[in-house]
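Structure, as structure tokens:
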Amino acid sequence: MTGTTLLFDIGNSRVKWAWLEGARLHSHGSAAREQFDIRAVAGPSSPPSRIVASNVAAQTFAERFIDAIKKRWGVAAEFISADAQGYGVSNAYREPRKLGADRWAALIGARSLHSGACCIVDCGTAVTVDVLAQDGRHLGGVIMPGLHLMRRALLETAQVTYAPGAHEAAQLTPFAHDTQEAVTHGTLYAVIAGIERAVAEAAARVNGDMTRFISGGDAARLLPFLGAGYRHEPHLV
């Protein structure tokens, strides 16, 4: 098999990958970043012709990743970095290179899927909301703690006893009757409120007519609590 590209999204807590053949993505996989092993990446028997990665991890992880890629496939990894302009998108950052590679990739992905105004909600370790005008101008974005980061902060600084994954709510109720539920509901409220406020501000910036993309590891968990009208794109980055 020739002409295949292996794509990686190296995030704050997880590594995701997929093979791109023509316009088709296949052989998706993911792993916790600290447990990531290049041998777990399954796919075609032939080596990829290119390996392209978005990386927000520390340089030490990137160096180990580069070595592992080279040893397994003999291919040098190409890392995405934000530019002032590219692929129909104009970067709003005063220093364009400081925009995270994952956010830049998400903006480009959204632009390729939709030519009008849009906002991109990426729900991972951090939650980011970025806005694109109809002409492709990035209007800026916000970064807030994600669910797990917020819960970990409570554990570490407020001495709250909390078991991750416990009492994940099917629906939100105003007030909980134990600490587990209180933390679960409170952090859900905080993240949902932050997203909804940012999306409302985005809509005002583009006069209300926009597509709402949502992606990231917690997107499916948050979608039931958000209003209608979100377009779930799990492989946007």
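The values are calculated or read from the model by the stated rules, or taken from the named source; none is laboratory data. Fair warning: this is a prediction, and the values are worked out from it, not measured in the lab. Note: ideal-geometry Cβ built from the backbone for every residue, glycine included; neighbour counts use all protein chains shown.
The rows are residues; the columns are (1) in the same structural domain as residue 101 (by TED's automatic domain parsing); (2) more than 16 Å from the chain's Cα centre (by Cα); (3) crowded, with 19+ Cβ neighbours inside 10 Å; (4) more than 30 Å from residue 138 (Cα to Cα).
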position	(1), (2), (3), (4)
20	no, yes, no, no
27	no, yes, no, yes
45	no, yes, no, yes
49	no, yes, no, yes
56	no, no, no, no
61	no, yes, no, no
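Can you tell me which of (1) among the aromatic types (Phe, Trp, Tyr); (2) within 25 Å of residue 152 (Cβ to Cβ); (3) touching a His at 6+ places or on another chain (Cβ under 9 Å) is the one residue 17 doesn't meet?
(2)
Quick one: which residue in 226, 155, 147 is in contact with an Asp or Glu (Cβ under 6 Å, 6 or more places away or on another chain) and modelled with pLDDT under 95?
Working: 226 fails: in contact with an Asp or Glu (Cβ under 6 Å, 6 or more places away or on another chain); 155 fails: in contact with an Asp or Glu (Cβ under 6 Å, 6 or more places away or on another chain).
The conditions single out 147.
Please count how many residues of the stretch 222-235 are assigned to a helix (DSSP H, G or I) and more than 14 Å from the chain's Cα centre (by Cα). Give the derivation first.
Just the residues of the stretch 222-235 that are assigned to a helix (DSSP H, G or I), to begin with: 222-225.
Next cut, more than 14 Å from the chain's Cα centre (by Cα) only: 223-225.
So the answer is 3.
Would you say residue 200 is under 21 Å from residue 116 (Cβ atoms) and outside any helix (DSSP H, G or I)?
So residue 200 fails the test.
When the stretch 81-107 is examined, which residues are found to be surrounded by fewer than 17 Cβ atoms within 10 Å (Cβ to Cβ) and of a type in the set (D, E, K, R)? Steps first, answer last, please.
Of the residues in the stretch 81-107, the ones surrounded by fewer than 17 Cβ atoms within 10 Å (Cβ to Cβ) are 81, 83-88, 93-95, 97-98.
Scanning the stretch 81-107 gives 83, 94, 95, 97, 98.
Could you tell me whether any residue of the stretch 116-132 is among the polar types (S, T, N, Q) and either surrounded by fewer than 19 Cβ atoms within 10 Å (Cβ to Cβ) or in contact with a Pro (Cβ under 6 Å, 6 or more places away or on another chain) (or both)? Reasoning before the result, please.
Filtering the stretch 116-132 for residues among the polar types (S, T, N, Q) gives 125, 128.
Adding the requirement that they be either surrounded by fewer than 19 Cβ atoms within 10 Å (Cβ to Cβ) or in contact with a Pro (Cβ under 6 Å, 6 or more places away or on another chain) (or both) leaves none.
Within the stretch 116-132, none of the residues are among the polar types (S, T, N, Q) and either surrounded by fewer than 19 Cβ atoms within 10 Å (Cβ to Cβ) or in contact with a Pro (Cβ under 6 Å, 6 or more places away or on another chain) (or both).
Looking at 92, 101, can you tell me which residue is among the aliphatic types (A, V, I, L, M) and more than 18 Å from the chain's Cα centre (by Cα)?
92
Any residue in the stretch 198-219 that is more than 19 Å from residue 237 (Cβ to Cβ) and in the same structural domain as residue 132 (by TED's automatic domain parsing) sitting within a Cβ distance under 9 Å of a residue that is of a type in the set (Lys, Arg) and at pLDDT 95 or above? List the pairs, counting only those 6 or more apart or interchain.
Short answer, once both residue conditions are applied: 203/212.
Scan the stretch 90-108 and report the pairs whose first residue is in the same structural domain as residue 142 (by TED's automatic domain parsing) and whose second residue is crowded, with 19+ Cβ neighbours inside 10 Å and modelled with pLDDT under 95, with Cβ atoms within less than 6 Å and a gap of 6+ or a chain change.
That search, which allows pairs on different chains as well, returns 102/237; 105/237; 106/236; 106/237.
Determine which single condition residue 140 fails, assuming it passes every other condition in (1) on the phi < 0 side of the Ramachandran plot; (2) in a strand (DSSP E or B); (3) touching a residue at least 24 places away in the same chain (Cβ under 8 Å).
Among (1) on the phi < 0 side of the Ramachandran plot; (2) in a strand (DSSP E or B); (3) touching a residue at least 24 places away in the same chain (Cβ under 8 Å), residue 140 violates only (1).
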